[in-house]
Amino acid sequence: MASLCASSAIAAISSPSFLGGKKLRLHKKLSVPAVSKSAATVRAVAADPERPIWFPGSTPPEWLDGSLPGDFGFDPLGLSSDPDSLKWNVQAEIVHCRWAMLGAAGIFIPEFLTKIGILNTPSWYTAGEQEYFTDKTTLFVVELILIGWAEGRRWADIIKPGSVNTDPIFPNNKLTGTDVGYPGGLWFDPLGWGSGSPAKIKELRTKEIKNGRLAMLAVMGAWFQHIYTGTGPIDNLFAHLADPGHATIFAAFTPK
């Protein structure tokens, strides 16, 4: 998503002093009229002087006030100016981040273990071409049912928070989370990290968003890498380490 997700590569890997800039410092409060749902313009508001911004010296839009985890004030198109859109985009980013982190782990770890001889797995790029215990159509239908059930319950929780906190099969198994997108409980928070102080919880959620944004970029990078080089990220890394002067990104675009 452009509003929060794209605050991303820069905010996820940088500090507020990125590119030699400084943290945003506003010495005067700005009086801003209320934003209507149809408004698409970005209006300035007073910000926390210690708040890190995606681009040093920029002014965040008023709907990104720094209260959300991973909010670095990036929404140049005003895609989240409407409160309902902001609510939806926040949940969409969380889910995409978590899937991307799982996907990145599924790409890099098996390929690395195969490279050093511990595993013998196919490339993630060609994994869908392999033969499994059943045909691909059956796999697709089963996945569709299972993911559809999980997404349906997540959607129900967005519409009515807490409505799906009780396990439909084991009623004694209940989720403890109170915030949408953070269910808690034994299955989703076995170490109890989500029950700390508000500052600690926001710090952990911000770390999750940052890692998720990097994972989304990593998965996209691995995809482009395979298209242009024909090999996976670990093979490309080993090739670069063996010949850093020639095995570079530029070699992929050099005529053979």
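Brief remarks follow.
- Number of the condition not met by Lys200 [criteria: (1) basic (Lys, Arg); (2) loosely packed, with under 15 Cβ neighbours inside 10 Å; (3) in contact with a helix residue (DSSP H, G or I) (Cβ under 9 Å, 6 or more places away or on another chain); (4) under 30 Å from Ile234 (Cα atoms)]: (4)
- One residue stands out in the stretch 132-184 among those that are out of contact with any Lys or Arg (no Cβ under 9 Å at 6 or more places or on another chain), polar (S, T, N, Q) and open to solvent by less than 50 Å² (accessible area, probe 1.4 Å): the one that is nearest to Gly196 (Cα to Cα), namely Asn173.
- Among the criteria (1) surrounded by 10 or more Cβ atoms within 10 Å (Cβ to Cβ); (2) free of Cβ contacts under 8 Å to residues at least 60 places away in the same chain, the one Glu129 does not fulfil is (1).
- Of all the residues in the stretch 70-85, those that are open to solvent by 30 Å² or more (accessible area, probe 1.4 Å) and touching a Ser or Thr at 6+ places or on another chain (Cβ under 7 Å) number 2.
- The set of residues in the stretch 211-256 being more than 22 Å from Gly117 (Cβ to Cβ), free of Cβ contacts under 8 Å to residues at least 40 places away in the same chain and among the aliphatic types (A, V, I, L, M) consists of Met220, Ile227, Ile249, Ala251, Ala252.
- Test for Ile227: is it among the aliphatic types (A, V, I, L, M) and open to solvent by less than 60 Å² (accessible area, probe 1.4 Å): no
- Just one residue in the set Lys210, Lys202 is of a type in the set (Lys, Arg), more than 15 Å from Arg98 (Cβ to Cβ) and assigned to a helix (DSSP H, G or I); that residue is Lys202.
- Residue list for the stretch 121-169, restricted to those being of a type in the set (A, V, I, L, M, F, W, C), touching a helix residue (DSSP H, G or I) at 6+ places or on another chain (Cβ under 8 Å) and part of a helix (DSSP H, G or I): Trp124, Ile158
- The residues of the stretch 170-184 that are outside any loop (DSSP other than H, G, I, E, B) and under 21 Å from Trp99 (Cα atoms), listed by number, are Asp179, Tyr182.
- Condition met for Pro244 (open to solvent by less than 90 Å² (accessible area, probe 1.4 Å), outside any helix (DSSP H, G or I) and modelled with pLDDT of 90 or more): yes
- Residue match in the stretch 49-61 (condition: surrounded by 17 or more Cβ atoms within 10 Å (Cβ to Cβ) and free of Cβ contacts under 8 Å to residues at least 24 places away in the same chain): yes
The values are calculated or read from the model by the stated rules, or taken from the named source; none is laboratory data. Since this is a predicted model, take the numbers as computed values, not measurements. Quick reminder, even Gly has a Cβ in these numbers, built from the backbone with ideal geometry, and neighbours come from all protein chains shown. Ligands, DNA and RNA are stripped out before the accessible areas are found, and what is left, the full protein with its side chains, is counted by its heavy atoms. Shrake-Rupley method; radii C 1.70, N 1.55, O 1.52, S 1.80 Å.
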